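J.: Quick one: structure below, then a few questions.
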2 protein chains.
Amino acid sequence: MLEFNIKNSQGKARSATLKLNGNHIDTPCFMPVGTAATVKAMTASEVYDFGFKIILANTFHLMLRPGVEIISKHGGIHRFMNWAGSIITDSGGYQVFSLAKLRKITAEGVYFNSPIDGEKVFLDPKKSIWLQEQFGADIIMQFDECTPYPADKGTADKSLELSLEWGKRSKDSIAKDESNLFGIIQGGVHDDLRDKSLSGLLEIGFDGYAIGGLSVGETSEERNAVLDNIAHKMPSNKPRYLMGVGTPVDIVEAVLRGVDMFDCVIPTRNARTGFLYTKKGVLKLRNSKYKGDMSPIDEDCSCYTCLNYSRSYLRHLDTCKEILGLRLNTIHNLYYYHELMKGLRDSISLDRLEDFVREFYNSQNQEI
Amino acid sequence: MLEFNIKNSQGKARSATLKLNGNHIDTPCFMPVGTAATVKAMTASEVYDFGFKIILANTFHLMLRPGVEIISKHGGIHRFMNWAGSIITDSGGYQVFSLAKLRKITAEGVYFNSPIDGEKVFLDPKKSIWLQEQFGADIIMQFDECTPYPADKGTADKSLELSLEWGKRSKDSIAKDESNLFGIIQGGVHDDLRDKSLSGLLEIGFDGYAIGGLSVGETSEERNAVLDNIAHKMPSNKPRYLMGVGTPVDIVEAVLRGVDMFDCVIPTRNARTGFLYTKKGVLKLRNSKYKGDMSPIDEDCSCYTCLNYSRSYLRHLDTCKEILGLRLNTIHNLYYYHELMKGLRDSISLDRLEDFVREFYNSQNQEI
């Protein structure tokens, strides 16, 4: 149910079409995060109309609220939230380790206390896959342990071995023909461990491969070094997904290294604090110099917010904590991210990626 | 700049067209509240597209944030918030008495401390009118003192005398030809004082008349008694505005008594706590029985929310404090209010107001 056809490549970067249960997604693509079955502040149709055709939802959050029963009753997340595109779900592993009060990790799985009501919950590969299939996810992530940073080689090795074992059990747990399962490469910042992790995953065999354990505190140099080593070794005929990354610069650098898919809360979360992306760099709306500024966020931007509102009005909404401010800022940042991805895709297709990247860097950090 | 043409009347109720600086508004009308130059959670165009052609903005809030200078720079509230319809502003008086730490009331005006930064601020009829004119309001309210409830006759009389004096000074302060000034009837729940207040206002002469000092703690019987006495005595060829009212029932009862215009935070504020209006009565989304309820808020409602989302999803958004929940609930309640006003207008025009009101009451309080 997953087809991945490369249209063009330039250096290590590729533009491709991902066909997913009848849906066509152009890559490299960004997947907005809809943690609780809503991309915060947006309707599903607004996100779709920006041009995003796939979003990420969080298994951990959805298993706790509203619970699998209610989502199943709706026939899956798509209909629950009225989303016309595709959905990728994470495995829940990352949030278990970052958000929950852990009780016990064993080779079998993880016991933790729900951060909502303190109830004892168990999650293992089998349950994670079952949940994701019940949710109707178009792409399902294997259950893994996100190796923390920094991790010495021994710790990182032990962690990746656990993730490999859980990857195998995740695959064995798949029950639906239409499910597409991605494996997750761990190994911290150790090249040989990343190689070992990939090699183990290839033996199991997945529909796509993800790079996990990044964006957890490492420097951008370390992250780019991991990508330099591993991205081009990942199967070229399968989608490559860099989990939880990132800023516009992070994404550009990863596309140059051969990555196809991204998800991150940055555009939406930053929007809600008035941290706005423009072709000239970042505009921090809370800066007092915008108090009486009549211009739009970005004069070169055609989003609804820039076409209709002044920085002064948007700053006023932020100051007054008005809901409309959260919406208008989110619209702008998501539009920016979509334009960025489209620019990357088009320039790969037109063999002008180098020019695009040069222009991208040259236009950053201007006076806004 | 204000024309008011009655199209039909039935009993004391009237349907009319209010022409306001080029804008046509059908009455009886409800004016959503946009306190800080935004109807909370909505874009201006969404509110307009529901069919609302006039909203209320708060002088008190806007004078403090963002301040008159910034709104003037945009050419008024309309352009500041991108609103295509008309705007009525209150005088700021009500909020001075309810929200600010008062320092001193004199016959001249009011000194108070800003609830935002504690700064000392002065407001009097002249400044209130100047602010409202700078804001570009299509309807300007006189500066008044909202008589508290309960108030004995002596207190209420003294208060209405002050409001009359301030009404005269408000009129004297009008500087723009296109400004339309409304006087405000005070007098508490005392019929003779309401009569005295109206009589004093008529001597001064205004473009429209409002009933103030209600919805401040009195019972609905007391409120309806005030309306029974005063509404039909207000000039029949001028709009009659009942300030700060109310629930659907309150509005129906006031229309029956001859009122044309309403504003209230109820539909928007209640939406944000999951308190939703339907043709069958109120639905409280936080009731656990809606957790797995697949039906829309109201099967007979054609709003965007009811066409696209289940009660179960909306309850989930409310539980998770998701911004989208605030939006979708607000859409529903505003749509309901617009339908209610349209139903009242149409039934007056078609001489079937009694049927409409009977159906309205018969359909309330059903099992939802």
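J.: For the stretch A:311-326, name all the residues that are part of a helix (DSSP H, G or I) and within 7 Å of chain B (Cβ to nearest Cβ). Walk me through it before giving the result.
T.: Taking the stretch A:311-326 and keeping what is part of a helix (DSSP H, G or I), we get A:311-319, A:323-326.
Correct list: A:Ser312, A:Tyr313, A:His316, A:Leu317, A:Thr319, A:Ile323, A:Leu324, A:Leu326.
J.: On to the next question. Any chance the stretch B:285-296 includes a residue that's open to solvent by 10 Å² or more (accessible area, probe 1.4 Å), on the phi < 0 side of the Ramachandran plot and under 16 Å from the mean Cα position of the chain (by Cα)?
T.: No, that holds for no residue.
J.: Also, I was wondering about something else. Is it fair to say A:Asn329 is of a type in the set (S, T, N, Q) and on the phi > 0 side of the Ramachandran plot?
T.: Details: of a type in the set (S, T, N, Q): yes; on the phi > 0 side of the Ramachandran plot: no.
It is false that A:Asn329 is of a type in the set (S, T, N, Q) and on the phi > 0 side of the Ramachandran plot.
J.: Collect the residues in the stretch B:32-47 that are in contact with a Phe, Trp or Tyr (Cβ under 7 Å, 6 or more places away or on another chain) and within 20 Å of B:Gly22 (Cβ to Cβ), keeping them in residue-number order.
T.: Hit for the stretch B:32-47 is B:Ala44, nothing else.
J.: May I ask you to list the residues in the stretch B:119-148 that are open to solvent by 40 Å² or more (accessible area, probe 1.4 Å), over 18 Å from B:Ala57 (Cβ atoms) and either part of a loop (DSSP other than H, G, I, E, B) or of a type in the set (Phe, Trp, Tyr) (or both)?
T.: Listed by number, the residues that qualify are B:Glu119, B:Phe122, B:Pro148.
J.: Exactly one of (1) at pLDDT below 95; (2) in contact with a Phe, Trp or Tyr (Cβ under 7 Å, 6 or more places away or on another chain) is unmet by B:Asn333. Its number?
T.: Condition not satisfied by B:Asn333: (1).
J.: Something else about it: Scan the stretch B:149-169 residue by residue and report those that are small (Gly, Ala, Ser), more than 16 Å from B:Leu123 (Cα to Cα) and part of a helix (DSSP H, G or I).
T.: Filtering the stretch B:149-169 for residues small (Gly, Ala, Ser) gives B:151, B:154, B:156, B:159, B:163, B:167.
Now drop any that are not more than 16 Å from B:Leu123 (Cα to Cα), which leaves B:151, B:154, B:156, B:159.
Result: B:Gly154, B:Ala156, B:Ser159.
J.: Suppose we filter the stretch A:85-94 for residues that are over 16 Å from A:Ser159 (Cα atoms) and either open to solvent by 20 Å² or more (accessible area, probe 1.4 Å) or β-branched (Val, Ile, Thr) (or both); how many remain?
T.: Total satisfying the criteria: 3.
J.: Of all residues in the stretch B:13-32, how many are open to solvent by 10 Å² or more (accessible area, probe 1.4 Å) and of a type in the set (Val, Ile, Thr)?
T.: Residues flagged as open to solvent by 10 Å² or more (accessible area, probe 1.4 Å) and of a type in the set (Val, Ile, Thr) within the stretch B:13-32 amount to 1.
J.: Taking the condition of being open to solvent by 30 Å² or more (accessible area, probe 1.4 Å) and either in a helix (DSSP H, G or I) or facing chain A (nearest Cβ under 8 Å) (or both), how many residues in the stretch B:339-351 meet it?
T.: Here is the first cut: in the stretch B:339-351, the ones open to solvent by 30 Å² or more (accessible area, probe 1.4 Å) are B:339, B:342, B:345-346, B:349-351.
The next check asks that each one be either in a helix (DSSP H, G or I) or facing chain A (nearest Cβ under 8 Å) (or both); those that pass are B:339, B:342, B:345-346, B:349.
Qualifying residue count for the region: 5.
J.: Would you please name the residue that is farthest from the other protein chains (Cβ to nearest Cβ), looking only at residues in the stretch A:96-112 that are in a helix (DSSP H, G or I) and open to solvent by 20 Å² or more (accessible area, probe 1.4 Å)? Can you show your working first?
T.: Of the stretch A:96-112, the ones in a helix (DSSP H, G or I) are A:96-99.
Of the ones still in play, those that are also open to solvent by 20 Å² or more (accessible area, probe 1.4 Å) are A:97-99.
Numbers: A:Phe97: 21, A:Ser98: 18, A:Leu99: 14 Å.
In this case the residue turns out to be A:Phe97.
J.: Anything in the stretch B:39-52 that is among the β-branched types (Val, Ile, Thr) and either open to solvent by 10 Å² or more (accessible area, probe 1.4 Å) or facing chain A (nearest Cβ under 9 Å) (or both)? List them, or say none.
T.: First pass over the stretch B:39-52, keeping only residues among the β-branched types (Val, Ile, Thr): B:39, B:43, B:47.
Within the stretch B:39-52, B:Val39, B:Thr43 qualify.
J.: Have a look at A:Val245, A:Val216, A:Val226 and point out the one that is under 26 Å from A:Gly154 (Cα atoms), aliphatic (A, V, I, L, M), in a loop (DSSP other than H, G, I, E, B) and free of Cβ contacts under 8 Å to residues at least 40 places away in the same chain.
T.: Details: A:Val216 fails: free of Cβ contacts under 8 Å to residues at least 40 places away in the same chain; A:Val226 fails: in a loop (DSSP other than H, G, I, E, B).
Answer to the selection: A:Val245.
J.: Filter the stretch A:53-68 for residues that are closer than 30 Å to A:Asp26 by Cβ and surrounded by 22 or more Cβ atoms within 10 Å (Cβ to Cβ); which is nearest to the other protein chains (Cβ to nearest Cβ)? Full working, then the answer.
T.: Start the filter on the stretch A:53-68 by keeping residues that are closer than 30 Å to A:Asp26 by Cβ, which leaves A:53-62.
The next check asks that each one be surrounded by 22 or more Cβ atoms within 10 Å (Cβ to Cβ); those that pass are A:54-57, A:59-60, A:62.
Details: A:Ile54: 19, A:Ile55: 13, A:Leu56: 16, A:Ala57: 12, A:Thr59: 15, A:Phe60: 13, A:Leu62: 9 Å.
Checking each candidate, the answer is A:Leu62.
J.: Taking only the stretch B:180-208 into account, find how many residues are of a type outside the set (Gly, Ala, Ser) and assigned to a loop (DSSP other than H, G, I, E, B). Please lay out each step first, then the result.
T.: Restricting attention to the stretch B:180-208, the residues satisfying the condition of being of a type outside the set (Gly, Ala, Ser) are B:180-182, B:184-186, B:189-196, B:198, B:201-204, B:206-207.
Checking the rest, the ones that are also assigned to a loop (DSSP other than H, G, I, E, B) come to B:180, B:186, B:189-190, B:206-207.
Qualifying residue count, the stretch B:180-208: 6.
J.: I would also like to ask the following. Quick check: anything in the stretch A:112-120 under 20 Å from A:Lys171 (Cα atoms) and at pLDDT 90 or above? Full working, then the answer.
T.: Our first condition is that a residue be under 20 Å from A:Lys171 (Cα atoms); within the stretch A:112-120, this holds for none.
Scanning the stretch A:112-120, I find no residue that is under 20 Å from A:Lys171 (Cα atoms) and at pLDDT 90 or above, so the answer is no.
J.: Kindly indicate whether any position in the stretch B:320-334 is open to solvent by 20 Å² or more (accessible area, probe 1.4 Å) and over 25 Å from the mean Cα position of the chain (by Cα).
T.: yes
J.: So A:Ile71 clears everything in (1) within 14 Å of another protein chain (Cβ to nearest Cβ); (2) within 22 Å of A:His332 (Cα to Cα); (3) surrounded by 24 or more Cβ atoms within 10 Å (Cβ to Cβ) except one condition, right? Which one?
T.: Here A:Ile71 meets the rest and fails (2).
J.: Have a look at A:Asp172, A:Asp177 and point out the one that is assigned to a helix (DSSP H, G or I) and either surrounded by fewer than 18 Cβ atoms within 10 Å (Cβ to Cβ) or charged (D, E, K, R) (or both).
T.: On the way: A:Asp177 fails: assigned to a helix (DSSP H, G or I).
Residue meeting the stated conditions: A:Asp172.
The values are calculated or read from the model by the stated rules, or taken from the named source; none is laboratory data. Since the model is a prediction, treat every value here as computed from it, not as a measurement. Every residue, glycine as well, gets a Cβ built from its backbone with ideal geometry; the counts of neighbours run over all protein chains shown. For accessibility, only protein heavy atoms count, side chains too; no ligands or nucleic acids. Shrake-Rupley method; radii C 1.70, N 1.55, O 1.52, S 1.80 Å.
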